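This report concerns only the one structure given below.
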Amino acid sequence: MLASGAVFVWNLAVFYILYRFLFVPIMIAKMTGTLVGFLLNYAVRQFWIFSRSSRYASAATLFDVAAQDANQDRAITADD
């Protein structure tokens, strides 16, 4: 909730500065403010709210473990 509120403030600030002080047309200013808000929202959620490292193993790691287990099984049966 706090992150979304902060992003909304940035969205509104960019829109206001572009429209009021830089005389950008209102629709362009609004679209730019929305784009900035979208990018900031993604960045905040990706790097601040959610962890940079996943709690779950990647698919490649799971397949690698399965391949190692299969190789061990083959080695055991070859010895028998």
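Descriptive notes on the structure:
- Residue in region 42-61 that is at pLDDT below 85 and over 19 Å from the mean Cα position of the chain (by Cα) present: yes
- Hits in region 22-40 (condition: part of a helix (DSSP H, G or I) and among the β-branched types (V, I, T)): I26, I28, T32, T34, V36
- Condition met for W10 (in contact (Cβ under 8 Å) with a residue 40 or more places away in the chain and either of a type outside the set (F, W, Y) or at negative phi (or both)): no
The values are calculated or read from the model by the stated rules, or taken from the named source; none is laboratory data. Here the structure is a predicted model, which means the values were calculated and not measured. Neighbour counts are summed over all protein chains in view; Cβ atoms, including those assigned to glycine, are modelled from backbone coordinates with ideal geometry.
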